[in-house]
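The values are calculated or read from the model by the stated rules, or taken from the named source; none is laboratory data. Since the structure is predicted, the reported quantities are computational estimates derived from the model, not experimental observations. The protein model used for the area step is the full one, side chains on, heavy atoms only, and it has no ligands, DNA or RNA in it. Shrake-Rupley method; radii C 1.70, N 1.55, O 1.52, S 1.80 Å.
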Amino acid sequence: MKVTLIRQDNGSGKETLSICETGTLFDKMKTETKAGHITALREIIPLLEGTYADTNILINCHTLFCCEIYRTKEGERKMKRYNGLVQLEVSRLASGSEVEFVKRQAALLPQTFAAFGGSSGRSVKIWVRFALPDDGGLPTKEAEAELFHVHAYWLAVKCYQPMLPFDIDLKNLFWHRDAV
């Protein structure tokens with residue numbers, strides 16, 4: 001299964017899209033390749049908490065987990081393939097033990113594709129895989145994928161929230177050309 005990595009060059013502002021297998025992405029997450037960026041981020045976030053800056057930390061790379069996208073010759077982003085992944089996020093956890101607890105709880109459900117700690121060290125991202133009930137396939141058109149994704153997201157929230165003593169952050173996490 002593939003996801004899209006989006007990087008923004010801070011100097012030029014140029015955006016780069018790249019497609020990555022989830023296994024490769026998880027390998028990249030396990031090792032810190034950029035001179036301590038994640039470690040530094042985890043140290044500075046608690047100092048910024050409660051300030052205007054804590055909501056405006058700019059990270060120049062993020063993962064678009066639910067689909068592969070590409071850029072047309074005109075520069076417009078388009079969905080190439082939807083993969084059926086829905087991301088739930090539990091944030092503002094107090095400690096690493098709370099992060100580990102949420103990951104263990106998520107692992108109890110067979111539909112959990114992955115559960116991992118966020119870059120802050122105080123959140124957990126839970127990836128849940130969905131497919132169509134009849135043939136196990138996925139929508140291929142963007143509008144159908146978005147509708148499917150929204151329904152899958154709310155189903156995942158209803159399934160996971162009762163087993164967690166922490167609130168799931170409610171978001172609509174389907175990609176949009178102008179919001180990525």
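Ranking of 73, 2, 125, 28 by solvent-accessible surface, largest first: 73, 28, 2, 125 (1.4 Å probe, protein heavy atoms only, all chains present).
Taking amide H as placed 1.01 Å from N in the peptide plane, residue 64 has its amide H under 5 Å from the amide H of 4, 5, 6, each at least 5 places away in sequence or on another chain. The lysines within cross-link reach of residue 28, meaning a Cα-to-Cα straight distance under 26 Å and a gap of 8 or more places when in the same chain, are 2, 14, 78, 80, 103, 125, 171. Would you grab the residues whose amide H sits under 5 Å from the one on residue 118? Only those 5+ places off in sequence or on another chain, please, with H modelled 1.01 Å from N. Amide H neighbours of residue 118: 123, 124, 125. The phi torsions of region 115-126, fed into the Karplus equation with coefficients 6.51, -1.76 and 1.60 and a -60° offset, translate into couplings of 9, 8, x, x, 5, 6, x, 10, 9, 10, 9, 10 Hz, rounded to whole numbers, with Gly and Pro shown as x.
Between residue 5 and residue 28, what is 0.36 nm times their sequence separation minus the Cα-Cα distance? Round to one decimal in nm.
Working: separation 23, 0.36 × 23 = 8.28 nm, distance 1.16 nm.
Stretched fully, the residue 5-residue 28 segment lengthens by 7.1 nm.
Backbone amide hydrogens, once placed in the peptide plane, bring residue 80 within less than 5 Å of 68, 69, 70, excluding anything fewer than 5 places away on its chain.
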